[in-house]
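Asks: The structure is given below, and queries will be raised subsequently.
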Amino acid sequence: MPYFSFSIKENLNSNKFGDVKQNITYYSKNTKLWKLLHLKKMKSIIKFIQFEKRIKISNLEKNILFCVPPSIGLGDAIEYGLAINSIKKNGIIK
């Protein structure tokens, strides 16, 4: 799975990927988006696209930061909450 960043020269409105605004750097691991951005017809609107280096974490200790999407539904919120609560109960992290 590619981990990449990209920026575009003009706004892109896609049903699959939502609104992508110009001159903003986006980070993604979406393989379908990666393939879409590499189409020849997309080359003219891409400002840059590059692979990002993955940083390996060797010492996690007992702290972790959970990042959730900015707009989640009630079902997603319940699932995230249950997952985080389960991890806390197991004593894996604080």
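Read-outs throughout are calculated quantities, based only on the coordinates presented, and are distinct from any laboratory measurement. On a predicted model such as this, the values are computed, not experimentally measured, just so you know. Methodologically, a virtual Cβ is constructed for each residue, glycine included, from the backbone with ideal geometry; neighbour enumeration extends over all protein chains shown.
Asks: Note down the magnitude of the dipole of the chain about its Cα centre, charges +1 on Lys and Arg C-beta and -1 on Asp and Glu C-beta and zero elsewhere, to the nearest 20 debye.
Replies: 420 debye
Asks: Report the gain in length on full extension from Asn90 to Lys29: 0.36 nm times residue separation, minus Cα-Cα distance, nm rounded to one decimal.
Replies: 19.0 nm
Asks: Tell me the relative contact order for the chain as a rounded percent, counting alpha carbon contacts under 8 Å between residues six or more apart.
Replies: The normalised contact order for the chain reaches 28 percent.
Asks: Moving on. Using alpha-carbon pairs under 8 Å, 6+ residues apart, how would you state the relative contact order of the stretch 4-51 in percent?
Replies: Contact order relative to length: 50 percent.
Asks: Moving to a separate point now. Tell me the label-point distance for the pair Ile57, Lys21, using the 7 Å Cα-to-Cβ offset, in nm and rounded to one decimal.
Replies: Once both label points are built, they end up 2.9 nm from each other.
Asks: As a quick test, which of the pairs Lys9/Lys32; Lys21/Lys89; Lys32/Lys89; Lys56/Lys88 have an alpha carbon distance above 30 angstrom in this structure?
Replies: Lys21/Lys89; Lys32/Lys89, as the Cα separations exceed 30 Å there.
Asks: Return the calculated 222 nm mean residue ellipticity for the chain, to the nearest 500 deg cm²/dmol, obtained by summing -39500 (n - 2.57) across DSSP H runs with n ≥ 4 and dividing by the residue count.
Replies: Helices in the chain give a 222 nm mean residue ellipticity of -7500 deg cm²/dmol.
Asks: Ok, one more. Going by average Cβ density within 10 Å per residue, which order do the peptides 41-49, 74-82, 4-12 take, highest to lowest?
Replies: Descending packing order for the listed peptides: 4-12, 41-49, 74-82.
Asks: I need the P(r) histogram for the chain: all alpha carbon pairs, bin width 10 Å from 0 out to the longest distance, whole percents.
Replies: 12, 33, 28, 21, 6, 0
Asks: Beyond 14 Å, what share of the Cα-Cα pairs of the stretch 4-51 remains, rounded to the nearest whole percent?
Replies: I get 45 percent for the Cα pairs in the stretch 4-51 exceeding 14 Å.
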